[in-house]
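Nothing in this text is a laboratory measurement; each read-out follows from the coordinates by a stated rule. Here the structure is a predicted model, which is why all the values come from computation and not from measurement. Cβ atoms come from the backbone with ideal geometry, glycine included; neighbour counts cover every protein chain shown.
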Amino acid sequence: MIRKLLISATPLLLCLTAGIAVEALAPRLPLLSLEISAGWLLVLAGLAAGFLTASFFFLHWWHGIRVESAVQAEKQTQVEAQNRFLRRLDHELKNPLTGLRAAVENLEESASENLLPATLPDIRLQVERMVRLTGDLRKLAELEEIPLEQSAVDLGDLLERIVEAAQAQPLGTGRDIRLVVPRVPWPLAPVMADEDLLGSAFFNLIDNALKYSRKSDAVEIRAANHDRQIQVEIADSGPGIATEELPRIFEELYRGANARSSEGSGVGLALVKRIIERHGGTITVHSRMNGATGSIFTVLLPASGAGENMTKR
Amino acid sequence: MNPPAISLLLVDDDVSITGQVGAFLTRAGYRVQTEADGARALEQIQALDPDLVILDVLLPGMDGRAVLRALRAGGDRRPVILLTKVGKASERALALEEGADDYLNKPFSARELLARIRAVLRRAHDAPVPLTSAWKLTAGNLILDRRARRAVLNGQTIAMKPKTLALLEYLMTHPDELMTRERLLNAVWGWEYPAGQRTVDTRVAELRRALGDDAGQPAFIETAPSEGYRFIAPVQGEK
């Protein structure tokens, strides 16, 4: 309000300061002799005041329109994101439900043959798919409000444990997973974090790197001090992600062309992003599909106060 | 002649749950009766006098928590298992305040429910105060004050992270039950995630250190190889 009043008063103020300045600095400038009656002076003052008020109202109105359209645009993006999410949810549920329906119909129509042993594993699989999906969606919603159990976490130790866990699962056996953590001349600065949550985010990223690359591809996890932040890169030499897909991969239930047939619930990266953001960090992705192909997910986390004196001066 | 079957009242307004889960429990040998309405469930409990009540939280008429509160306010201490849809930590704490004997998140497996029913019935016979709704738990020289969120060993308060204390709490309220890592993750962390198995092991190791418990010759927490953990010390509850 005050800002707008000031803006609309600017021409008046400018003239006033210019006049005073001219009088003070160069009082010997030729005098313009102007005779003006009190009446005309009043008219002029009225015009000036009128102009001031009009421009104030104009600015007010114009600003209002701008704010409103920004709000509208924001609302529009939200509605679009929500619709996208609902379409994807519909799609995610359709497949297991179709499978279940067909399985039940098979059982109904074949009372004489014993299809049960062959059908049950399929039913179980589809059910577990939907259980996983709803579970992940709940986590996503809960992540907004659960309190973080913060403590100073040594990311090097945490990553070591997570890499071990990733290697121990079937997907990780025989895979080339390398972990690079600086120890010399100084170690990684600690990070204030909920160790379990942060660990699950890194596990997810490493798991993805393994899932979306060939058995012969390498996965590298590189941690480094980066000013007042810790940078962790999760890199793989897989086929890479298409440029047009990159902005979407952190959205809930988004599936890239490469991930369409995959087992996951489609919420993993959205979960990772929220976990990193709740720790005051960011996550970005770079990918190449030509030449040296592969993807790099880069996580930046604020180093805790204790680590600040270790960063460069 | 067979001994009279243990009777259960299953309260849920979804027929796919009362139907299928009810059939599963009947096959397990229980006498199962069902009810869909909260207010009527309260009357049915008086009329049928079931040995255990399985209560859904979202019910028409009167919600499951209100039914449980009314039951406890009337001095009825019979075992109740709450079926909750969301496993938020705050809801779990609520279940404790209201005096539920155990709680299970939807979607649960009928086998898991059966295991819980058995455990709750077993506990109900040994313990005068249900451990899940006791404010003070004692196991030998270890005292857990749940209201103050404090564990005391040999008269000394032991420093513990909130999650570690919550783990101890869950183990102590379910003594002598085999706790798989999945179940602990679900109950204490509120969700399972892939790296979770190791998370549980790390926490249990931390808890053992805090309690001075030797994994080789445990006084409190026993490892069931490739299965999970079990709190082996007898636990007394106090209101």
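Figures for the structure shown
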| read-out | value |
| --- | --- |
| Helix A:268-278 axis, angle to chain A major axis (alpha carbon atoms, nearest 10°) | 50 degrees |
| Highest-MSF residue in chain A out of A:Ser55, A:Ser213, A:Ser200 [GNM, Cα springs under 10 Å] | A:Ser55 |
| Loop sites in segment B:137-239: GluC sites (Glu not before Pro), DSSP, at most 16 other Cβ within 10 Å | B:Glu227 |
| 0 to 90° range, to nearest 10: angle between helix B:162-173 axis and chain B longest Cα axis | 60 degrees |
| Karplus 3J(HN,Hα) series, Hz, for segment A:225-242 with 6.51 cos²θ - 1.76 cosθ + 1.60 (x for Gly, Pro) | 6, 9, 6, 9, 10, 10, 10, 10, 10, 10, 10, 9, 9, x, x, x, 10, 4 |
| Summed side-chain charge close to A:Ser216 - residues other than A:Ser216 whose Cβ falls under 15 Å, Lys, Arg +1, Asp, Glu -1 | +1 |
| Listed residues A:Ser287, B:Val204, A:Gly174: farthest to the positive end of the dipole of the protein assembly as shown (Cβ charges) | A:Ser287 |
| Spin-label model distance (nm) - B:Asp176 vs B:Arg77, 7 Å beyond Cα toward Cβ | 1.7 nm |
| Estimated FRET transfer efficiency (B:Gln46, A:Gln72; beta-carbon r; R0 56 Å; 0.05) | 0.45 |
| Shape call, the protein assembly as shown: gyration tensor on alpha carbons, a/c limit 1.5 | prolate |
| 32 Å Cα-Cα threshold exceeded, pairs from A:Lys75/B:Lys163; B:Lys106/B:Lys136; A:Lys75/B:Lys161; A:Lys94/A:Lys139 | A:Lys75/B:Lys163; A:Lys75/B:Lys161 |
| Crossing angle, helix A:155-168 versus chain A [Cα axis fit, 0-90 degrees, rounded to tens] | 40 degrees |
